[in-house]
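**Student:** Right, I'll just put the structure down here and ask away after.
The values are calculated or read from the model by the stated rules, or taken from the named source; none is laboratory data. Since the structure is predicted, the reported quantities are computational estimates derived from the model, not experimental observations. Cβ atoms come from the backbone with ideal geometry, glycine included; neighbour counts cover every protein chain shown.
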């Protein structure tokens, strides 16, 4: 009885929900959708361009679907044809859906035209679709203030062009072109074995999450049942990375506001977490720890003891940092009522993670999905109320405490098993197949769409949450004051690694 | 003539040594605070760093303009009327307090005039706002100095020091001391001596006038700060009064550096203030009322004692 109640509150039994959504899709959109299939915990629908508008209308307006979030639109080439992937999700029904549209035009300008047509159709229902095509930049003659990356505190990968009226920003344009790296070459048609060590660089503040997402996708593809001990150790490492990322966020915010004392204290605590991470994984930034169906190295008693010993100190020190930061009226006065946004805008722009939770929307994949072993562990999802910068900082502090709680629970009840090697990577061979997997990383929902052929990855699309936060930043900045640009950007916790990819 | 020349050389040497020490101390503290993060931190904490920085400024080609020349001149000229010890003063006026304030205001306005050369209106408006803030924080200092003048009945700084032969003025005027100290701390923050300039992107002006011009603006910032600390020292902490057997000049230097180090530490311990509203509210709710109340109390006592002979 208690378990049923629990499942009712926390919709962790995802399969029931997905089955319901699949049935509804079949019922409402039978003639409009060419094919729909379940990939892992998500649904992929192949739609023709002519039916796209009807499908979107139904998905958006029908309460059975109630799709509010547009996560991502991306274009890719596969087996001689060009496809467009539209990733959307629903908070209320807690499911995620990918629409795949094949473009019929020949390569060149006609293909681009077709892509822009699709964007224009999506724009009717989701305002943020304009960000996925090339936008006219705010030229220097229309913008009166330009902030170049060396002069922005806390960020080195973006230039900001602003149109201002006295102190108030009227229009903002954020340019990330300076950080653009051609990274597609090294993972298209790359061996899975080699790629594993590369993936973590897509989020260098929390490197474990892209790896984890990548491996989960392949595990789902192979239908591997991962051992409990492996899952637990993965959770420990990922929660430690979450703590380290949030401490980095706090240090960044302090640096922006010139609070050097708390800045240094937060970095010292991050160092403490890094040492534990280094002990477990052997590396700090790019862990290269997760393997398909397993992990690189098991935890021994000594490491486990070290983790357990570091947790109480960490809790104490972080609570001191919180007191020093949030009991200071200068800091709270600076953060309060700045960078406010409303729920609908945030959802429409596809923001997930702590930025969305600071608005009071309870959307956390660790609770909403059957992700690893999170359903066996008791923890809370910290929520904000007003969605200003102060709320975003408070939510992150809350998440740090919850992460410590999770690590503590797992460390004291780690299943005693012998870790087995489940697969041999060099002998792997897949038929051509695709898979999606998503994970709750510290910035939001991190998603990977994979196309595998034989022993290589023929296509990989990374959908990082920071990009959506960046879109929202442009929206939020309008109406704010010039002095608050850095604080607003800092409070959104943008990770360069995810943004560079696009 | 030889005596005056000697005094000028002494004053320039003292000023230069203080500039070196102050920039060394700030650099050292910044480096300590920055943890051990590579060569920048180690470089900034070295003994020769302030000197190397001067060479770095000089290495850029820069034409000194009229305003910068005036700023440079007044940064040194202010020490002609401010005494650094009982006899180390070139122009000994009976009202050198007023002359010092005049020089201070002139330096601030010259900085504003220098900034007006920029092509970007935004930078200029920012610097103008900063100047207004600095002048607003100077108003409490004026109130407090008026109370000091009433207490000591003198406009000459030397006489104000002489008056404190028995007790320092901080005993009579604790409120005034707090107000002036807070005002200097806010000056410290606004001038951006310890870290980046608090007003966003106004450091772009520094980028524009990189080279010798930047060195001059830096010197003028330090001058303003030194002037205010010397004023605090003379007003409230006894100036060059001898303490038991310790020499007066040594006491003056000690007090100067104690105040300076406390200011650096307080500046580092508190976050950067970049909101105008907050700055205005500090001044309006805390500094101005406090100094005004202090002045009123002093005035009432002055009238009771000197006019009605009641106290």
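**Student:** Select, from A:99, A:56, the only residue that is touching a strand residue (DSSP E or B) at 6+ places or on another chain (Cβ under 9 Å), under 28 Å from residue A:17 (Cβ atoms) and not in a strand (DSSP E or B).
**Tutor:** Exactly one of A:99, A:56 is touching a strand residue (DSSP E or B) at 6+ places or on another chain (Cβ under 9 Å), under 28 Å from residue A:17 (Cβ atoms) and not in a strand (DSSP E or B), namely A:56.
**Student:** For residue B:284, work out the one condition from (1) within 14 Å of chain A (Cβ to nearest Cβ); (2) without any contact (Cβ under 8 Å) to a residue 60 or more places away in the chain; (3) surrounded by fewer than 20 Cβ atoms within 10 Å (Cβ to Cβ) it doesn't fulfil.
**Tutor:** Of (1) within 14 Å of chain A (Cβ to nearest Cβ); (2) without any contact (Cβ under 8 Å) to a residue 60 or more places away in the chain; (3) surrounded by fewer than 20 Cβ atoms within 10 Å (Cβ to Cβ), only one is false for residue B:284: (1).
**Student:** For the range B:140-150, check the following and say yes or no: at least one residue is in contact with a helix residue (DSSP H, G or I) (Cβ under 7 Å, 6 or more places away or on another chain), under 21 Å from residue B:251 (Cβ atoms) and crowded, with 17+ Cβ neighbours inside 10 Å.
**Tutor:** Yes, the conditions are met somewhere in the range B:140-150.
**Student:** With respect to residue A:429, determine if the residue is assigned by TED's automatic domain parsing to the domain that holds residue A:325 and in contact with a helix residue (DSSP H, G or I) (Cβ under 9 Å, 6 or more places away or on another chain).
**Tutor:** Spelling it out, it is not the case that residue A:429 is assigned by TED's automatic domain parsing to the domain that holds residue A:325 and in contact with a helix residue (DSSP H, G or I) (Cβ under 9 Å, 6 or more places away or on another chain).
**Student:** Regarding residue B:110, is this residue more than 14 Å from the chain's Cα centre (by Cα) and not in a helix (DSSP H, G or I)?
**Tutor:** Against the criterion (more than 14 Å from the chain's Cα centre (by Cα) and not in a helix (DSSP H, G or I)), residue B:110 does not qualify.
**Student:** At least 1 residues that are within 14 Å of chain B (Cβ to nearest Cβ) in each: list the helices (runs of 4 or more DSSP H) lying fully within the range A:431-502 that qualify.
**Tutor:** Hits in the range A:431-502: A:466-477, A:485-491.
**Student:** Pick from the range A:336-346 the residues that are surrounded by 16 or more Cβ atoms within 10 Å (Cβ to Cβ) and either outside any helix (DSSP H, G or I) or within 11 Å of chain B (Cβ to nearest Cβ) (or both): which of them is farthest from the chain's Cα centre (by Cα)?
**Tutor:** The residue in question is A:338.
**Student:** Among the residues that make up the range B:76-92, is at least one of them within 30 Å of residue A:163 (Cβ to Cβ), free of Cβ contacts under 8 Å to residues at least 60 places away in the same chain and part of a helix (DSSP H, G or I)? Talk me through it step by step, then tell me what you get.
**Tutor:** So the first thing to find is which residues in the range B:76-92 are within 30 Å of residue A:163 (Cβ to Cβ), and the list is none.
Scanning the range B:76-92 turns up no residue that is within 30 Å of residue A:163 (Cβ to Cβ), free of Cβ contacts under 8 Å to residues at least 60 places away in the same chain and part of a helix (DSSP H, G or I).
**Student:** May I pose another question? Where in the range A:103-221 are there strands (runs of 3 or more DSSP E), lying fully within it, with 1 or more residues that are away from chain B (no Cβ under 14 Å)? Outline the logic, then answer.
**Tutor:** On the way: elements: A:145-147, A:159-165, A:168-175.
Passing ranges, in order: A:168-175.
**Student:** Is one or more of the residues making up the range B:269-280 surrounded by 16 or more Cβ atoms within 10 Å (Cβ to Cβ) and either away from every other protein chain (no Cβ under 14 Å) or touching a strand residue (DSSP E or B) at 6+ places or on another chain (Cβ under 7 Å) (or both)?
**Tutor:** Checked the range B:269-280: no residue is surrounded by 16 or more Cβ atoms within 10 Å (Cβ to Cβ) and either away from every other protein chain (no Cβ under 14 Å) or touching a strand residue (DSSP E or B) at 6+ places or on another chain (Cβ under 7 Å) (or both).
**Student:** Return the only residue of A:320, A:362, A:275, A:284 being farther than 30 Å from residue A:69 by Cα, part of a loop (DSSP other than H, G, I, E, B) and in the same structural domain as residue A:475 (by TED's automatic domain parsing).
**Tutor:** It is A:284.
**Student:** Looking for whichever is part of a loop (DSSP other than H, G, I, E, B), in contact with a helix residue (DSSP H, G or I) (Cβ under 6 Å, 6 or more places away or on another chain) and buried (at least 16 other Cβ atoms within 10 Å of the Cβ) here; the options are A:371, A:325. Which one fits?
**Tutor:** A:371
**Student:** Looking at (1) more than 22 Å from residue A:372 (Cβ to Cβ); (2) more than 13 Å from every other protein chain (Cβ to nearest Cβ); (3) surrounded by 14 or more Cβ atoms within 10 Å (Cβ to Cβ), which one does residue A:262 not meet, given that it meets all the others?
**Tutor:** Answer for residue A:262: the failing condition is (2).
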